[in-house]
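Worksheet: one structure, shown below.
The values are calculated or read from the model by the stated rules, or taken from the named source; none is laboratory data. Keep in mind it's a predicted model, so treat the numbers as computed, not measured. All Cβ positions, even for glycine, are placed from backbone atoms using ideal geometry, and neighbour counts span all protein chains on display.
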Amino acid sequence: MRSRFVTILLEVVLLAGVLSAIAPAHAHDDQTIRSTSLGLVRGVDQSRSTGTLAWLGIPYAEPPTGELRWRAPVPHRPWQGVRDAREFGDGCIQEGRMFSPAPSGPHYGLDIRDGLKKPVGAEDCLTLNVFRPSTRERDLPVIVFIHGGSNMVGYSADPMYDGRALARKANAVVVTVNYRLGVFGWLDLPGLKTGDPHNDSGNFGTLDQVESLRFVNRNARAFGGDPSNVTVMGESAGAVNVWALMVSPLSKGLIDKAIPLSGGLQFSAPSAARTYAEAFADEAAGSDGDAADTVRRLRSMPAEEIIRAQVRRGAAAGDPPRVIADGVVLPEDYHAAIAAGDYRDIPVLAGNTLEEGKLFGSAIGAFRPTDYERFTVQYQFDPNRRSRLTVRDFIVDRYLPATRPGGWNDAADELTDSIFTGLIHDSMNSVRAAGSDKLFYYQFGWNQQPAPFDTVYGAVHAIDLPFLFHTFDDGFFSFSFSHRNEPGRLRLSDLMIDSVRTFVRTGTPQHAGLGATWEQWPRSMMFDAGDRKATARPGSVERQAPSAAHGG
């Protein structure tokens, strides 16, 4: 009897061991299946490698194709069964530039150079991605990131915007969004008017962003997020979009905090948008026929042909106007709207890099190589090996030496001031004058790239993003990040992410790790680092010197 009892007990113990080995796998699988307002989605479990769960390529609106091209987004229809959400959706169709997806798909690779000035991406693109820590915590803050790219290019699958590390380190739900770009996103063509004020606004890209926020509001809890604590974050054109959402009546109840980086309130006048749209329609579809016939032809054209027409038109007239002051989706006069209190009075954490203008050397003919050549050299550069490259390989002689009066550093400073500084100062001052009492601002001065990139780029536009997302391994700026500068930049990244972590919870970025008081605008916090140490020091909004002198 005793041996029989022992045998049974051993069988129970063995069975319990088998079940315990199986149960975690099933539990992890269950964690990736979530029920949204549109249906079930299955994501990616990276608990062991990154401590995160992710759901990629979730559609939030119907594909904006055919009759839905140049219409306000329509919420995606529900689906049956479990939808696979383990791969990124396509980037929205666009003219290939340095920050575009590769022609072969929504990823970063050397073949991005082969798509320059050509159509890349797809028209069926209105998807978003969700990242969260692989814990069972609920009511986490939600960060919705809107990518930059002049509202002409960009894609949410860019490795620079990989939300895994930010989600884990900030202990938040991170959402990255695709939205229509260029003439697909903003086109105020009279023939498109339907009588519906949203359709007639021409602000299709802005409406996409609003629709993505509505999806987040409806589904935050499905991913463990708190729909009453949503921070909208964006950089460059993404920051322009964040500010636009702050003054749009459509964002009421959808956003609770804002992190606009390297951008401000900047709308296009309807008159300029209509002039462009009519000239574009002639370029793309010809001038024969009435307005309705022109629209029919434009809607029936392959999306690639639309982009080619945009490129042709751009050679003569520049990029299409974006973010249009239509008076419905966006106010006709954002200063007046803010002064009247018609805006989201929410905490704001804004920022700039010290040398934003160094990304835009093409605007003044400062770059020596073509974009194709420059992308190739940067992609193939090994930051851990000594290089024979010099500043002269990148910058034309008339801006050298870089440190002389009127040289590359001075020219880039002028670009920084003309494109960025006044814009963000105007935006922050407007909401401050209206009574906003939680306005914070940082400046970013890290310029520790291996030579010659410390001079060619330095604290360039968008280089703060790898620090905020902790994405140093892949992407446009990977040539910057060496073993030598790793200790300092990792510490700086932690300081910045801790500021975001605190801000999305409390409305202030102040935390003990800063070692200093972060005062409100018009004061600032300067983030910087050498190769080994990171610093955060209070300062003013006036231009401050980067951490190291640049050579020529």
Determine whether the stretch 527-548 contains at least one residue that is part of a loop (DSSP other than H, G, I, E, B) and touching a Phe, Trp or Tyr at 6+ places or on another chain (Cβ under 6 Å). no
Does the stretch 198-211 contain any residue that is assigned by TED's automatic domain parsing to the domain that holds Pro78, under 16 Å from the mean Cα position of the chain (by Cα) and acidic (Asp, Glu)? yes
Given the conditions (1) part of a helix (DSSP H, G or I); (2) of a type in the set (Gly, Ala, Ser); (3) surrounded by fewer than 24 Cβ atoms within 10 Å (Cβ to Cβ), report the number of the one that Ser212 does not fulfil. (3)
Do we find a residue being surrounded by fewer than 16 Cβ atoms within 10 Å (Cβ to Cβ), assigned by TED's automatic domain parsing to the domain that holds Gly341 and not β-branched (Val, Ile, Thr) anywhere in the stretch 254-267? no
If only one of Ser271, Ser262 is among the polar types (S, T, N, Q), more than 26 Å from Pro119 (Cβ to Cβ) and touching a residue at least 24 places away in the same chain (Cβ under 8 Å), which one is it? Ser262
Entirely in the stretch 237-309, the helices (runs of 4 or more DSSP H) that have 1 or more residues that are aromatic (Phe, Trp, Tyr): 237-247, 270-285
Before we move on, is Gly81 surrounded by fewer than 16 Cβ atoms within 10 Å (Cβ to Cβ), at pLDDT 95 or above and either among the acidic types (Asp, Glu) or farther than 17 Å from Asp162 by Cα (or both)? yes
What pairs come out if I take residues in the stretch 447-469 that are within 18 Å of Arg374 (Cβ to Cβ) and pair them with residues that are basic (Lys, Arg) whose C-beta lies under 8 Å away, six or more apart or interchain? Pro450/Arg484; Val456/Lys358; Tyr457/Lys358; Gly458/Lys358; Val460/Lys358; His461/Lys358
Give the number of residues within the stretch 103-117 that are under 17 Å from Glu304 (Cα atoms) and either surrounded by 21 or more Cβ atoms within 10 Å (Cβ to Cβ) or in contact with a Pro (Cβ under 7 Å, 6 or more places away or on another chain) (or both). 4
Hey, does the stretch 191-201 have a residue that's crowded, with 20+ Cβ neighbours inside 10 Å and either touching a strand residue (DSSP E or B) at 6+ places or on another chain (Cβ under 8 Å) or free of Cβ contacts under 8 Å to residues at least 60 places away in the same chain (or both)? yes
Given the condition aliphatic (A, V, I, L, M), in the same structural domain as Ser478 (by TED's automatic domain parsing), more than 28 Å from Leu468 (Cβ to Cβ) and in contact with a strand residue (DSSP E or B) (Cβ under 9 Å, 6 or more places away or on another chain), answer yes or no: does some residue in the stretch 396-409 qualify? yes
Does Ser362 fit the bill of being in a helix (DSSP H, G or I), surrounded by fewer than 20 Cβ atoms within 10 Å (Cβ to Cβ) and not assigned by TED's automatic domain parsing to the domain that holds Ile255? yes
Does Thr231 count as assigned to a strand (DSSP E or B), hydroxyl-bearing (Ser, Thr, Tyr) and either in contact with a strand residue (DSSP E or B) (Cβ under 7 Å, 6 or more places away or on another chain) or within 23 Å of Tyr155 (Cα to Cα) (or both)? yes
Across the stretch 417-459, which residue is nearest to Thr535 (Cα to Cα) among those that are touching a His at 6+ places or on another chain (Cβ under 8 Å) and surrounded by 23 or more Cβ atoms within 10 Å (Cβ to Cβ)? Asn447
Just a yes or no: is a residue in the stretch 331-339 in the same structural domain as Trp243 (by TED's automatic domain parsing), surrounded by 15 or more Cβ atoms within 10 Å (Cβ to Cβ), assigned to a loop (DSSP other than H, G, I, E, B) and touching a Leu at 6+ places or on another chain (Cβ under 7 Å)? no
